[in-house]
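Chemist: Mind having a look at this structure? Questions to follow.
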Amino acid sequence: MVKRKDAAQPAAKSPATTPPTAKVAPPQQRPPAAGGVAEQQQPSKFRFATLLFRIASLAFALYTLYKRMYPPPSTVDLDLDNKARIRHAPIERDPLRQDAVLEAFKHSYRAYEKDAFGSDDYHPISHRGSNMSPAGPVGYFLIDSLDSLLLTGLTDEYRRARDWVEKLSFDLDDKFHTFEITIRVLGGLLSAYHYSGENDQMLLDKAVDLADRLLPAFETPSGLPMSFVNLAQRQGIPDPDNRGMTSVAEAGTLQLEFKYLSHLTGNRVYRDKVEKVMEVIRAQPSKDGLVPIFMTPDTGSFVLSDIRLGSRGDSYYEYLSKQYFQTNRTEPVYRQMHQVAMRGIAQHLVKKSTTRGLVYTSELLPRRNAATGQIELVDTPKQDHLVCFLGATLLLGVTDGNTLPVPPDESQFDEHETDDWYLGKQLIRTCVDTYVETKTGLAPEIVYFHTHPNDAKKYGREWFINSRKPGPDQEPPIDARNILRPETVESLFVAYRVTGDPIYREWGWKIFQAFEKHCRLPGGGYASIRDVDELPVRHEDRMETFWISETLKYLYLLFSDADVIPLDRYTLNTEAHPLPNFTPKYW
Ligand SMILES: *[C@@H]1O[C@H](CO)[C@@H](O)[C@H](O)[C@H]1NC(C)=O
């Protein structure tokens, strides 16, 4: 529960001296009879009352300023088992909060449209756009925004954006990231096509053209994709920074987009390419469903590397159950892979913090043991914000693609469902903790958990931001940033839809307010911040595309009716583009 009434209290404490002009106090705090009483008072008494009122106003103003500079410690209810809380009201639109999110969306998109329309990246402080390649824009930002414009009813903006897409050419002679272009641009085109009532053929034609230019990425001995592709030359390019290796998230997060395209066009080739990737991954040995982050496209085998749920690993795990849901549960192999992976995560990666028992996930890093010379997997208590998708994956997995009654009858769950349900809720709670325990109320990119109870006590938090250097004017570490990421609000949205527990809306609202307070730019747009523990904040001149396509979309959906993008009929890709589930006709 969010407690926000503290700031109004000083004014309310002196009702007797409040004259009729008490504009500082919020209207509901004004005593109803005060006006009439003040007018009948003696002149000297009235002056005295005015003086008292001025002093009270000044004190209140100072107090408000103080509160703003030094916000109180977290008052967010993190107790998931608090039975006293009113639980499970029916899922209905919350118009006030949804309108606030809509206003933030307009403030963001309209700034982009004014300053940088069509550009791949947006810099809201310098009011300019930039492209990833000198060859020209690829629709990175604009196409990523299309379905959000439709969802929020910004039809004029949508029409202008759609007309821009019509003139866009993907004949760009430069290398582009296979995975990023697939999830943002191909995914954005496909969901916009769906929401056009599957009528706007131009969008489907663009999607086909783009996918055909991406297909050469799969021309490797194993069928695993190369990380880059030249869209004009239709040529795959191995990742020069990682000795040509591809990460498991890059390879395993193309399936929803390519399979839906095959379903729409009747052309199997897209599905066959991405299905082959899954077969290659499946043929490799895994550690109870956990896989290292790197693979070689030459051989199709894993390379000794980190096992983690953050960057380069994350959405591989997200897409297992989603592939099962997307094709209407006709491919049970993905249900199986999901369940094995979730067991592996619970067994090898899930940990509890030392004092407050927050559940988090760690990473396993291969290191050579100096004494034995053997390679060992060393447990590292590091959790990326990216990992916060996992709560949603666990909870959604338990529904098996159905709409369960809200709240579900937990006594009907089997042992594994009970585990996943509990784990999903606990991981989300921990992610929320990484927001509410910072000075800004915003989570850092990466946290490490204390492994010794004394440290948690000494530093006052269960976790810390690594490599922070002492001293006043140090550059903040890269881990301390908040770049408007969506994963926690994504999990809050899913958790609210499947549990009906209003605590998820309260947490989401709290997070939204922190974005409003610290990231919103008066001149338009929102900006990343460099250090979540620094007040006042320092902005970075960047508004990521996922702020529009994911973070604000998930917040908007958190406060919507349950029949807006129902989760038993839609599967959201990893960039929050909703794609309808279907029964395969062509394979
Ligand atoms: C999913 O499968 C069920 C049962 O076979 C069927 O009734 C339903 O129409 C299918 N849904 C879609 C979207 O294909």
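A quick yes/no check of all residues on (1) modelled with pLDDT under 95; (2) within 30 Å of ILE503 (Cα to Cα); (3) more than 21 Å from the chain's Cα centre (by Cα):
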position	(1), (2), (3)
HIS88	yes, yes, yes
ASP94	no, yes, no
ASP99	no, yes, no
ASP115	no, no, yes
ILE125	no, no, yes
GLY136	no, no, yes
SER145	no, yes, no
LEU149	no, yes, no
TYR158	no, no, yes
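Chemist: Going through region 493-507 one residue at a time, which ones are crowded, with 24+ Cβ neighbours inside 10 Å and part of a loop (DSSP other than H, G, I, E, B)?
Modeler: Within region 493-507, none qualify.
Chemist: Enumerate the helices (runs of 4 or more DSSP H) found wholly within region 130-198, keeping only those where 2 or more residues are touching a Gly at 6+ places or on another chain (Cβ under 7 Å) and of a type in the set (D, E, K, R). Quick ask: steps written out before the conclusion?
Modeler: On the way: elements: 142-151, 155-167, 187-195.
The helices (runs of 4 or more DSSP H) meeting that bar are 142-151.
Chemist: Might you check whether a residue that is more than 25 Å from the chain's Cα centre (by Cα) and under 30 Å from MET245 (Cα atoms) occurs anywhere in region 175-192?
Modeler: yes
Chemist: Still on this structure, I have one more. Picking from SER491, SER528, which residue would you name as being closer than 30 Å to HIS127 by Cα and touching a Leu at 6+ places or on another chain (Cβ under 9 Å)?
Modeler: SER528
Chemist: Can you name the residue in region 308-320 that is within 15 Å of ALA392 (Cα to Cα) and of a type in the set (D, E, K, R) and is also farthest from the ligand (Cβ to nearest atom) among such residues?
Modeler: Looking at residues that are within 15 Å of ALA392 (Cα to Cα) and of a type in the set (D, E, K, R), I get ASP314.
Chemist: Which numbered condition trips up ALA370, out of (1) touching a residue at least 24 places away in the same chain (Cβ under 8 Å); (2) of a type outside the set (Phe, Trp, Tyr); (3) at negative phi; (4) surrounded by fewer than 16 Cβ atoms within 10 Å (Cβ to Cβ)?
Modeler: (1)
Chemist: When region 539-587 is examined, which residues are found to be assigned to a strand (DSSP E or B) and within 16 Å of the ligand (Cβ to nearest atom)?
Modeler: TYR570, THR571, LEU572, PRO578, LEU579, PRO580
Chemist: Report whether or not ARG530 is surrounded by fewer than 20 Cβ atoms within 10 Å (Cβ to Cβ) and touching a His at 6+ places or on another chain (Cβ under 8 Å).
Modeler: yes
Chemist: Anything in region 120-135 that is buried (at least 17 other Cβ atoms within 10 Å of the Cβ) and either among the hydroxyl-bearing types (Ser, Thr, Tyr) or closer than 17 Å to LEU214 by Cβ (or both)? List them, or say none.
Modeler: Hits for region 120-135 are ASP120, TYR122, MET132, ALA135.
Chemist: Condition test on GLU487, is it within 21 Å of SER560 (Cβ to Cβ), out of contact with any Lys or Arg (no Cβ under 8 Å at 6 or more places or on another chain) and of a type in the set (Asp, Glu)?
Modeler: Considered against the rule, which asks whether it is within 21 Å of SER560 (Cβ to Cβ), out of contact with any Lys or Arg (no Cβ under 8 Å at 6 or more places or on another chain) and of a type in the set (Asp, Glu), GLU487 comes out as yes.
Chemist: Please determine whether any residue of region 163-176 is crowded, with 21+ Cβ neighbours inside 10 Å and small (Gly, Ala, Ser).
Modeler: Taking every residue of region 163-176 in turn, none turns out to be crowded, with 21+ Cβ neighbours inside 10 Å and small (Gly, Ala, Ser).
Chemist: Give me a count of the residues in region 416-428 that are in contact with a strand residue (DSSP E or B) (Cβ under 9 Å, 6 or more places away or on another chain) and under 11 Å from CYS388 (Cβ atoms).
Modeler: 1
Chemist: While we're here: So GLU506 fits all but one of (1) more than 19 Å from LEU396 (Cβ to Cβ); (2) out of contact with any helix residue (DSSP H, G or I) (no Cβ under 8 Å at 6 or more places or on another chain); (3) within 16 Å of the ligand (Cβ to nearest atom); what number is the exception?
Modeler: Exception for GLU506: condition (3).
Chemist: Continuing with this model, one more query. Against the condition of a type in the set (A, V, I, L, M, F, W, C), farther than 24 Å from LEU150 by Cβ and out of contact with any strand residue (DSSP E or B) (no Cβ under 6 Å at 6 or more places or on another chain), how does LEU521 come out, does it pass? Explain how you work it out, then say what you get.
Modeler: Values: of a type in the set (A, V, I, L, M, F, W, C): yes; farther than 24 Å from LEU150 by Cβ: yes; out of contact with any strand residue (DSSP E or B) (no Cβ under 6 Å at 6 or more places or on another chain): yes.
The answer is yes for LEU521.
Chemist: Okay, next question. Please tell me if VAL291 is among the aliphatic types (A, V, I, L, M) and under 23 Å from HIS348 (Cβ atoms).
Modeler: yes
Chemist: How many residues, within region 321-348, are more than 15 Å from the ligand (Cβ to nearest atom) and touching a Gly at 6+ places or on another chain (Cβ under 8 Å)?
Modeler: 10
Chemist: In addition: What single numbered condition from (1) surrounded by fewer than 24 Cβ atoms within 10 Å (Cβ to Cβ); (2) among the polar types (S, T, N, Q); (3) assigned to a helix (DSSP H, G or I) fails to hold for THR488?
Modeler: Against the list (1) surrounded by fewer than 24 Cβ atoms within 10 Å (Cβ to Cβ); (2) among the polar types (S, T, N, Q); (3) assigned to a helix (DSSP H, G or I), THR488 comes up short only on (1).
Chemist: Hand me the list of helices (runs of 4 or more DSSP H) wholly inside region 366-481 holding 1 or more residues that are touching a helix residue (DSSP H, G or I) at 6+ places or on another chain (Cβ under 7 Å).
Modeler: So the answer is 390-399, 415-436.
Chemist: Between a first residue in region 318-332 that is at positive phi and a second residue that is in a helix (DSSP H, G or I) and within 16 Å of the ligand (Cβ to nearest atom), which pairs have beta carbons less than 8 Å apart while being 6 or more apart in sequence or on different chains?
Modeler: Filtered contacts from region 318-332: ARG329/ARG335.
Chemist: Cβ-Cβ distance below 9 Å, separation of 6 or more or different chains: which pairs start in region 268-284 with a residue that is more than 14 Å from PRO297 (Cα to Cα) and end on one that is part of a helix (DSSP H, G or I) and basic (Lys, Arg)?
Modeler: As it stands, the answer is TYR270/LYS259; ARG271/LYS259; GLU275/LYS259, since those pairs meet every condition given.
Chemist: Something else now. For region 477-513, give me each residue that is on the phi > 0 side of the Ramachandran plot and more than 11 Å from the chain's Cα centre (by Cα). Break it down stepwise before answering.
Modeler: First, the residues of region 477-513 that are on the phi > 0 side of the Ramachandran plot: 484, 500.
Matches in region 477-513: GLY500 only.
Chemist: What number of residues within region 341-351 satisfy the criterion of being among the polar types (S, T, N, Q) and surrounded by 14 or more Cβ atoms within 10 Å (Cβ to Cβ)?
Modeler: 0
Chemist: Filter region 384-430 for residues that are in contact (Cβ under 8 Å) with a residue 12 or more places away in the chain and of a type in the set (Phe, Trp, Tyr); which is nearest to GLY357 (Cα to Cα)? Write out each step before concluding.
Modeler: Step one: filter region 384-430 for residues in contact (Cβ under 8 Å) with a residue 12 or more places away in the chain, giving 384-404, 406-408, 413, 416-417, 419-421, 423-430.
Remaining after also requiring of a type in the set (Phe, Trp, Tyr): 389, 413, 421.
On the way: PHE389: 20, PHE413: 24, TRP421: 17 Å.
Per the stated criteria, the residue is TRP421.
Chemist: May I pose another question? Would you mind telling me which numbered condition in (1) under 18 Å from SER247 (Cα atoms); (2) surrounded by fewer than 23 Cβ atoms within 10 Å (Cβ to Cβ) THR354 fails?
Modeler: Of everything listed in (1) under 18 Å from SER247 (Cα atoms); (2) surrounded by fewer than 23 Cβ atoms within 10 Å (Cβ to Cβ), THR354 misses just condition (1).
The values are calculated or read from the model by the stated rules, or taken from the named source; none is laboratory data. Quantities reported herein were computed from a predicted structural model and do not represent experimental measurements. Using ideal geometry, Cβ is built from the backbone for each residue, glycine included, and neighbour counts are taken over all protein chains shown.
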